[in-house]
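The values are calculated or read from the model by the stated rules, or taken from the named source; none is laboratory data. Just so you know, these numbers come straight off a predicted model, no measurement behind them. FYI the Cβ positions are ideal-geometry reconstructions off the backbone, even for glycines, and counts take in every protein chain you see. Remember, those area values only see protein heavy atoms, side chains included, never the ligands or the DNA or RNA. Shrake-Rupley method; radii C 1.70, N 1.55, O 1.52, S 1.80 Å.
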Amino acid sequence: KLELNSGATVAFNPGVYVVRGEFIVNSGSTASGKGVTFFLKGANAPRFLINSGSQVTLTAPTIGAFAGILFYQSRGVLDDFPSEINSNSNLSIKGAIYLPKSTLRYNSISAGNNVGFSSIVVNKLALNSRSILNINSDTSLNRAPPQIQLVR
């Protein structure tokens with residue numbers, strides 16, 4: 001588990017970060033990084049949570065095995081562990097989100113206005129309570145055509 005609590009500021013260096021369980025950015029914390037991939041694995045809730053009042057600025061790598069991939073959930077996940085972007089987070093993320101067995105939730109006035117997904121691959125996509133998802137496709141990350149896939 002990797003959790004940033006209030007007052008934490010973390011600048012991730014380029015690379016692949018293997019997180020066993022949850023990657024959580026809580027209110028009052030800041031996460032930033034260019035050229036990063038978060039590989040979410042394990043039996044204990046492999047997911048990400050971006051909570052209210054946090055600031056997140058992350059960009060996927062442009063070269064290498066994980067080019068264009070920001071969040072990648074292990075294919076061995078058996079249950080739905082929902083990842084969430086919650087209300088009033090200051091969010092700027094660019095890259096693919098790959099959660100083939102899970103749900104991606106935008107909750108309560110979430111606004112993803114600085115989101116440059118090249119792809120979203122999820123089992124379910126939930127937009128809840130006045131959430132807004134503006135997808136500004138940025139194919140410079142992996143040259144793939146923009147897409148949203150619901151995997152069944």
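Give just the number: which of (1) over 16 Å from the mean Cα position of the chain (by Cα); (2) closer than 16 Å to Pro100 by Cβ does Gly7 not satisfy?
Evaluating Gly7 over (1) over 16 Å from the mean Cα position of the chain (by Cα); (2) closer than 16 Å to Pro100 by Cβ leaves (2) as the failure.
Under the condition of being polar (S, T, N, Q) and crowded, with 23+ Cβ neighbours inside 10 Å, which residue from the stretch 20-79 is nearest to Ser92 (Cα to Cα)?
Residues of the stretch 20-79 polar (S, T, N, Q): 26-27, 29-30, 32, 37, 44, 51-52, 54-55, 57, 59, 62, 73-74.
So of that shortlist, the ones also crowded, with 23+ Cβ neighbours inside 10 Å come out as 37, 54, 73.
Details: Thr37: 15, Ser54: 11, Gln73: 20 Å.
Checked the stretch 20-79; the qualifying residue nearest to Ser92 (Cα to Cα) is Ser54.
Being in contact with a Leu (Cβ under 7 Å, 6 or more places away or on another chain) and at pLDDT 90 or above: is that true of Ile50 here?
Numbers: in contact with a Leu (Cβ under 7 Å, 6 or more places away or on another chain): yes; at pLDDT 90 or above: yes.
Criteria met by Ile50.
Got at least one residue in the stretch 64-82 being out of contact with any Gly (no Cβ under 7 Å at 6 or more places or on another chain), at pLDDT 90 or above and among the acidic types (Asp, Glu)?
No, the conditions are met nowhere in the stretch 64-82.
Among the residues of the stretch 45-57, are any more than 11 Å from the chain's Cα centre (by Cα) and within 13 Å of Leu2 (Cα to Cα)?
In the first step, residues of the stretch 45-57 are kept if they are more than 11 Å from the chain's Cα centre (by Cα); the result is 45-46, 51-55.
Imposing the further condition that a residue be within 13 Å of Leu2 (Cα to Cα) reduces the set to 45-46.
Yes, that holds for at least one residue.
Name the pairs whose Cβ atoms lie under 8 Å apart, with the first residue in the stretch 65-92 and without any contact (Cβ under 8 Å) to a residue 12 or more places away in the chain, the second surrounded by fewer than 22 Cβ atoms within 10 Å (Cβ to Cβ) and of a type outside the set (Phe, Trp, Tyr), and 6 or more positions between them or separate chains?
From residues that are without any contact (Cβ under 8 Å) to a residue 12 or more places away in the chain, there are no pairs.
Is it the case that Thr103 is over 21 Å from Asn5 (Cβ atoms), touching an Asp or Glu at 6+ places or on another chain (Cβ under 9 Å), at pLDDT 90 or above and part of a strand (DSSP E or B)?
Numbers: over 21 Å from Asn5 (Cβ atoms): yes; touching an Asp or Glu at 6+ places or on another chain (Cβ under 9 Å): yes; at pLDDT 90 or above: yes; part of a strand (DSSP E or B): yes.
Taking the combined requirement at face value, the residue satisfies it.
Can you pull out the strands (runs of 3 or more DSSP E) entirely within the stretch 1-93 that have at least 1 residues that are within 20 Å of Val121 (Cβ to Cβ) and aromatic (Phe, Trp, Tyr)?
Details: elements: 2-4, 9-12, 15-20, 22-25, 30-34, 36-41, 47-50, 55-59, 69-73, 83-85.
So the answer is 15-20, 22-25, 36-41, 47-50, 69-73.
Can you tell me which residue in the stretch 94-110 is most open to solvent (accessible area, probe 1.4 Å), limited to those that are out of contact with any Lys or Arg (no Cβ under 6 Å at 6 or more places or on another chain), under 14 Å from Ala126 (Cβ atoms) and not aliphatic (A, V, I, L, M)? I'd like the intermediate steps shown before the answer.
Step one: filter the stretch 94-110 for residues out of contact with any Lys or Arg (no Cβ under 6 Å at 6 or more places or on another chain), giving 94-102, 104-108, 110.
Then drop every residue that is not under 14 Å from Ala126 (Cβ atoms), which leaves 97, 99, 102, 104-108, 110.
Pick out the ones that are also not aliphatic (A, V, I, L, M) and you get 102, 105-108, 110.
Working: Ser102: 0, Arg105: 80, Tyr106: 0, Asn107: 27, Ser108: 48, Ser110: 1 Å².
Once the filter is applied, the top-ranked residue is Arg105.
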